[in-house]
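The values are calculated or read from the model by the stated rules, or taken from the named source; none is laboratory data. As the structure is a computational prediction, the values presented were derived from the model and not from experiment. Methodologically, a virtual Cβ is constructed for each residue, glycine included, from the backbone with ideal geometry; neighbour enumeration extends over all protein chains shown.
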Amino acid sequence: MSVARDIERRLAKLARTLEGTGLSFATAESCTGGQLSALLARDAALGPHIERGFTVYSAEAKCDLLGVNRGDVERNDAVNPEVAEAMARGAVAMSTADIGIAITGFCGPRQKDEEVGLVFLACADRRGRLVQQECRFGDIGRGAVLDHAVLAALALMDEAVRSHAGLTRGALRCEPTSV
């Protein structure tokens, strides 16, 4: 099964899960550069659930727009769980959204000692609860890493909506597999 098909299935599942909830999201995307927001916006059932989106590719954008700690951003080129958490929490704080979803990672090509395919995601709600996910997709190509990161974010968003009443702090792992 193709990643594109998996993404379409995840979008449809998220739309079903969100139906009748009135919940809204703020996205905070680094490596994906707005790809997640664009997918949500193109879907008539999901678009109304977007409160706003932040594309924070640079270190300055992460700090200025979302309040991410400069020290965390400078560590490992902003690809670490602390930055993902701060991005998700910042997206909630700088919006009226119920839930913030953040993506940061190395998509390639390899530079310095980066681990291509390493992606961190975080989903925070307005009550301060958090779910995080670490993905190691490997060096499968820049576009494929981006697609898999978006797929993982959609799954995390669906989980956040389903458990909105009780998001728990956790660490999940993912791999480039089918839904």
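Within region 114-139, track down each residue that is assigned to a loop (DSSP other than H, G, I, E, B) and farther than 18 Å from GLN35 by Cα.
Within region 114-139, GLU114, GLU115, VAL116, ARG126, ARG127, GLY128, ARG129, GLY138, ASP139 qualify.
Which ones in region 109-139 are on the phi > 0 side of the Ramachandran plot and at pLDDT 90 or above?
GLY117, GLY138, listed by residue number.
Please work out which one of (1) within 29 Å of GLU114 (Cβ to Cβ); (2) surrounded by 14 or more Cβ atoms within 10 Å (Cβ to Cβ) is the condition GLU60 fails and give its number.
(2)
For the structure I just gave you, tell me whether ARG10 is over 13 Å from the mean Cα position of the chain (by Cα) and in a helix (DSSP H, G or I).
yes
Mind listing just one residue for me: the one in region 101-137 that is closer than 23 Å to HIS49 by Cβ and over 15 Å from the mean Cα position of the chain (by Cα) and, of those, surrounded by the most Cβ atoms within 10 Å (Cβ to Cβ)?
The residue in question is ARG129.
Inside region 49-85, can you point out the residues that are without any contact (Cβ under 8 Å) to a residue 12 or more places away in the chain and on the phi < 0 side of the Ramachandran plot?
SER58, GLU60, ALA61, CYS63, ASP64, ARG70, GLY71, ARG75
Which of the numbered conditions does ASP98 fail, given that it passes all the others? Conditions: (1) more than 19 Å from THR17 (Cβ to Cβ); (2) of a type in the set (D, E, K, R); (3) in contact with a strand residue (DSSP E or B) (Cβ under 9 Å, 6 or more places away or on another chain); (4) surrounded by 16 or more Cβ atoms within 10 Å (Cβ to Cβ).
(1)
Being closer than 24 Å to LYS13 by Cα and more than 13 Å from the chain's Cα centre (by Cα): is that true of ARG42 here?
yes
Which one is surrounded by the most Cβ atoms within 10 Å (Cβ to Cβ) among residues in region 6-40 that are of a type in the set (A, V, I, L, M) and without any contact (Cβ under 8 Å) to a residue 40 or more places away in the chain?
The qualifying residue surrounded by the most Cβ atoms within 10 Å (Cβ to Cβ) is LEU40.
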